[in-house]
1. Which of the following residues is loosely packed, with under 12 Cβ neighbours inside 10 Å, modelled with pLDDT of 95 or more and aliphatic (A, V, I, L, M): Ala96, Ala31?
2. Would you point out which residue out of Leu165, Leu153 is surrounded by 16 or more Cβ atoms within 10 Å (Cβ to Cβ) and part of a loop (DSSP other than H, G, I, E, B)?
3. Is it the case that some residue within the stretch 467-475 is in contact with a helix residue (DSSP H, G or I) (Cβ under 9 Å, 6 or more places away or on another chain), at pLDDT below 90, more than 27 Å from Lys421 (Cβ to Cβ) and not in a loop (DSSP other than H, G, I, E, B)?
4. Scan (1) on the phi > 0 side of the Ramachandran plot; (2) at pLDDT 95 or above for the single condition Arg376 breaks and write down its number.
5. I'm trying to understand the selection: among the residues of the stretch 55-81, which are more than 29 Å from the chain's Cα centre (by Cα), assigned to a loop (DSSP other than H, G, I, E, B) and either within 16 Å of Gly137 (Cβ to Cβ) or polar (S, T, N, Q) (or both)?
6. Residues that are under 24 Å from Lys448 (Cβ atoms) and aliphatic (A, V, I, L, M): list the helices (runs of 4 or more DSSP H) wholly contained in the stretch 201-276 that include at least 1 such residues.
7. From the list Leu119, Leu86, which residue is in contact with a strand residue (DSSP E or B) (Cβ under 8 Å, 6 or more places away or on another chain), surrounded by 21 or more Cβ atoms within 10 Å (Cβ to Cβ) and either in contact (Cβ under 8 Å) with a residue 40 or more places away in the chain or assigned to a loop (DSSP other than H, G, I, E, B) (or both)?
8. Kindly indicate whether any position in the stretch 470-481 is buried (at least 19 other Cβ atoms within 10 Å of the Cβ), within 28 Å of His191 (Cα to Cα) and either in contact with a Pro (Cβ under 6 Å, 6 or more places away or on another chain) or of a type in the set (S, T, N, Q) (or both).
Amino acid sequence: MPHSVPRRRLLPLLALGATAVLLPGLTALPASAAPRPDAGSRPPARFTHQTPDWQRCGSDTPARFRCATIKVPLDYRDPDGTTIDLAISRIRAGDADKRRGVLLSNPGGPGGPGLDLPLALSKDMPRSVTDRYDLIGFDPRGIGRSTPVNCGLTEAERQWPRPYLPFGENVRWAKTVADKCRGRAGDKLRHMTTRNTARDMDVLRAVLGEKKISYFGVSYGTALGAVYTQLFPRRVDRFVLDSAVDPKLMWRKMVQVWAPEAEPAFARWTRWTAGHSATYRLGKTPAEVASTFWRLVERADRDPIVVGTEKLTGTDIRAFLRREFFTVRSAAELVALLRDAAAGKPVPGFPSEPETPDNLVSALWTVMCGDAPSPRDPETYRRDSVRDAARYPLFGDFASNITPCAFWDRPVEPVTEVDNKVGTLILQNEWDSQTPLSTALGMHRALKGSRLVTVDEGEGHGVAYGMAAGPVNRCAQDTATVYLVTGRLPAKDVTCRAAPGTGRTQQASPAFG
C-alpha cells in the first residue's frame, strides 16, 4: 500500500481550555477572593466610545474583509492605567434585512490568532448563517497583532511537548522559560489571561454597538466562551462551543487527562486495524496488532529506526504516535510505515517543520500560567511523572512533567468557576485527542443550560465549519446551523453517527487547538 507522509506536530492542539482544581503543593485562595460575575458592570466608558477605523485587511484579501485596532485596559482593575491594542476584523452580514447581530469567533490555543477566522468561516458557514451575522475576528490579547508577548525563547526552549530528558534538565528548561518571559514582558505578563480576554470581548461588543453577542469557539476557544457566559450571562445570544475543554481542569489537569484517554484509544485502534489486516498487515487480532507496535518500540530503543534523515528511538515513536491512535486509519498507515522502515524498505521521510513562532509558545504559557496556579515544588512533578510513566505506557510521563508555570508569578485573579444555566450548544467527537469526550461532558455539566451533540465514533479535533479533521458530520453541523439561525436548542442532547476510520490528523497549533 502507498505510504502517506506523517505530519509532525509543533504543539498539541489543546483547544486547551478550562480551569484548575487545587493540586498537591497549591495554596488555596481565600474564599473572599472568589470571582464574581461582571454581569452587572459595563465596560469602562473611555473604551466603549471608540470608533474603529475599518481598513481593508490586506491587498490580497477581499475588500469586504476589514480590519481595525481598538484599545483595551491592560488591567481592568485600573481602567485609567496602561492600555494595549486589540486587533479586530469584520465581514458584514450578507443580507441587511436578515441581520441578527455579530458572531465573534476564536480558533483555539491558547496562543492562536483569530484575526483571519472570519474569512475562513465566510467560506465554510452556510449562507443562512453568514446572511444573519457580521463575522467578527480578533487576536486575543498578547497574541498576533494584539500587543504580542514574545519571551525571546530559543528554538529548543520553544519545544513543547518536551522530549524525555533527565528531570533536572526539564526543571532548568521550565525555570529558564519563566524567567525569560518575566524579563521580557514584566507586569504585562500577569494580565494576559482568559478572564481578561473575555472582558475584551465585552468591550468589543460595546464598541460594535451590540447588546449581545453570538460566538463560535473551538478547543481553547470553548474555555474563553464559557468564561464569557459566566462573567456576562445577560450579554450572551447564541454560543456554539466546538470540541470542549472542562472548565474545572484549567490547566494542569486538562493536560494530565491526555494520558489516561490515550489507552482506550490505542485499544480501539488495535481492534480496527486487526479488522483491516489485509490492508495494513499489522496483525489479525488486537493482541497481534498491539504486539507489532510494541516490538517496533523495543526495536527502536535498541537500534533506532531510520525514516528519511531521522533516527527514531522507541521514545520518539511513542511521543509521535500517542495522539495519532485517536484517528485509526492515520495511525495504521504510520505504524505500517515504521514497520517497513525497520525492515530496511524505502519510505518517505518526514516533511521539514516550520519553526514555531516565539509568540505562539510565549502566549501559550502566558495564558496557561496566568489563568490558574500550579504546584511550586518540582518534587510534585517528579513524583507524578514517575507515576504516569508506570500507569500509561503509551503516553508516558509528559502529561505530568514540569512546565514554566511552576516558576510563574501567582495569578492576579482566582480561577473562573463556570457554573451557570446560560443556553449554549456543545459539539464533540467521541475520539478527540486534544479535548476528549470526558472534558466535553465536564463543560456540559458546568453549563447547565447547554445541549451536547456527540458524534459517535467521530474522530479528530474539531467538528463543524471547516474545523473538522475529516469529512464534515452533517448531522452535527446542521444542528449548529439551525441553532445559529433560529436560536432553538435541541430539546435534548443529540447523538450523531460517524464511520470509524474517516478522520484525519490535523496539524496542531497551541496546546488545545
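1. On the way: Ala31 fails: modelled with pLDDT of 95 or more.
Unique residue meeting the criteria: Ala96.
2. Values: Leu165 fails: surrounded by 16 or more Cβ atoms within 10 Å (Cβ to Cβ).
Answer to the check: Leu153.
3. So far as the stretch 467-475 goes, no, none of its residues is in contact with a helix residue (DSSP H, G or I) (Cβ under 9 Å, 6 or more places away or on another chain), at pLDDT below 90, more than 27 Å from Lys421 (Cβ to Cβ) and not in a loop (DSSP other than H, G, I, E, B).
4. (1)
5. Hit for the stretch 55-81 is Ser59, nothing else.
6. Working: elements: 220-231, 252-256, 258-275.
Helices (runs of 4 or more DSSP H) meeting the threshold: 220-231, 252-256.
7. Details: Leu119 fails: surrounded by 21 or more Cβ atoms within 10 Å (Cβ to Cβ).
So the residue among Leu119, Leu86 that is in contact with a strand residue (DSSP E or B) (Cβ under 8 Å, 6 or more places away or on another chain), surrounded by 21 or more Cβ atoms within 10 Å (Cβ to Cβ) and either in contact (Cβ under 8 Å) with a residue 40 or more places away in the chain or assigned to a loop (DSSP other than H, G, I, E, B) (or both) is Leu86.
8. Of all residues in the stretch 470-481, those buried (at least 19 other Cβ atoms within 10 Å of the Cβ) come to 470, 473, 476-477, 479-480.
Now restrict to residues that are within 28 Å of His191 (Cα to Cα): none.
No, the conditions are met nowhere in the stretch 470-481.
The values are calculated or read from the model by the stated rules, or taken from the named source; none is laboratory data. Model, not experiment: these values are computed from the prediction. Note: ideal-geometry Cβ built from the backbone for every residue, glycine included; neighbour counts use all protein chains shown.
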